[in-house]
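The values are calculated or read from the model by the stated rules, or taken from the named source; none is laboratory data. Predicted model, so just to flag it, every value in this text is computed and none were measured. Cβ: placed from backbone, ideal geometry, glycine included. Neighbour counts: every protein chain shown.
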């Protein structure tokens, strides 16, 4: 077994370089990422009249399916607590997502509560591309 001994000065220099790189990354102001989708959390209002809700639901489902088939809704999930649904909407602003959701029958009937969250790429991953040794993330196969 070969043992490589590193002089103390080299260890200090390498340790200092690593600390400087880490500090530089931490000090950088995060780059504002573009909104690429909007998460919409739809919940049924607790005081919603259940009879009225059941009358509106067939129209709500048809309108939601149309938005999905038109490419406006990317993904949708039911909430495990049974209180509503979560959509990932193909819009680049919350205002656009709100305009879509406001046209749905549940919103028009004032039976739901909507919460909007802008989604963006995970920009800290750029640091991995910048520090990579394979040409900025290009596949060299």
Query raised in the report: Conditions: (1) within 30 Å of residue 124 (Cα to Cα); (2) modelled with pLDDT under 95; (3) not in a loop (DSSP other than H, G, I, E, B). Residue 87 meets all but one. Number of the miss?
Result: (2)
Query raised in the report: Quick check: anything in segment 57-69 without any contact (Cβ under 8 Å) to a residue 12 or more places away in the chain, within 20 Å of the chain's Cα centre (by Cα), on the phi < 0 side of the Ramachandran plot and surrounded by 11 or more Cβ atoms within 10 Å (Cβ to Cβ)?
Result: yes
Query raised in the report: In the set 110, 134, which member is in a loop (DSSP other than H, G, I, E, B) and either modelled with pLDDT of 95 or more or at positive phi (or both)?
Result: 110
